[in-house]
């Protein structure tokens with residue numbers, strides 16, 4: 001997969017409305033879920049107790065935290081786009097986010113992303129990405145939302 005390349009604000013603006021690509025899949029295993037649970041102090045049994053989840057969960061197994069799936073956004077975005085000539089990049093916010101369905105352990109997840117909007121703030125691009133996380137086996141949308149980043153570009157010499 002070839003990455004989309006962005007060197008400045010105008011490159012972003014020219015791609016508004018386009019699908020930028022689809023990432024490779026990442027398999028969400030129990031060890032990853034347990035580490036996320038430990039780091040976030042969210043030890044709810046539906047995530048961390050396979051025996052109890054098998055017995056009591058409607059999914060028959062543990063599931064990934066929704067925020068864990070969402071946290072893969074930057075990893076997946078880095079597979080899809082490359083932004084050069086940067087001083088820094090910052091997470092700016094989330095406009096709207098919906099957790100559509102659970103991600104059972106050992107699911108393979110990927111993300112499709114499009115550029116919803118790009119705004120020129122003077123050597124800064126406010127880029128809003130529409131992301132759709134899905135599982136590989138059935139293409140079910142598991143998380144959807146708009147995520148906003150600020151890209152601070154090095155000054156352009158005119």
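The values are calculated or read from the model by the stated rules, or taken from the named source; none is laboratory data. Note that this is a predicted model, so its numbers are computed, not measured. In this analysis, Cβ positions are derived from the backbone assuming ideal geometry, glycine residues included, and neighbour counts consider all displayed protein chains.
Entry remark, the stretch 126-144: residues being in contact with a helix residue (DSSP H, G or I) (Cβ under 8 Å, 6 or more places away or on another chain) and farther than 19 Å from residue 27 by Cα number 2 in total. Scanning the stretch 121-143 for residues that are in a strand (DSSP E or B), at pLDDT 95 or above and surrounded by fewer than 17 Cβ atoms within 10 Å (Cβ to Cβ) gives a single hit, 124.
A Cβ distance below 7 Å, combined with a sequence gap of six or more or placement on separate chains, defines the contacts here; from the stretch 16-34, residues that are assigned to a loop (DSSP other than H, G, I, E, B) reach residues that are modelled with pLDDT of 95 or more and surrounded by fewer than 16 Cβ atoms within 10 Å (Cβ to Cβ) in the pairs 25/108; 29/106.
Is it the case that some residue within the stretch 79-96 is free of Cβ contacts under 8 Å to residues at least 40 places away in the same chain and in a loop (DSSP other than H, G, I, E, B)? No: the stretch 79-96 contains no residue that is free of Cβ contacts under 8 Å to residues at least 40 places away in the same chain and in a loop (DSSP other than H, G, I, E, B).
Please pick out the residue among 76, 99 that is crowded, with 19+ Cβ neighbours inside 10 Å, modelled with pLDDT of 95 or more and under 16 Å from the mean Cα position of the chain (by Cα).
Working: 99 fails: crowded, with 19+ Cβ neighbours inside 10 Å.
After applying the criteria, what remains is 76.
Take the conditions modelled with pLDDT of 95 or more and either surrounded by fewer than 14 Cβ atoms within 10 Å (Cβ to Cβ) or not in a strand (DSSP E or B) (or both) and apply them to residue 61. Does it pass? I'd like the intermediate steps shown before the answer.
Values: modelled with pLDDT of 95 or more: yes; either surrounded by fewer than 14 Cβ atoms within 10 Å (Cβ to Cβ) or not in a strand (DSSP E or B) (or both): yes.
Judged against the criteria, residue 61 is a match.
One residue stands out among those in the stretch 40-58 that are in contact with a helix residue (DSSP H, G or I) (Cβ under 7 Å, 6 or more places away or on another chain) and in a loop (DSSP other than H, G, I, E, B): the one that is surrounded by the most Cβ atoms within 10 Å (Cβ to Cβ), which is 57.
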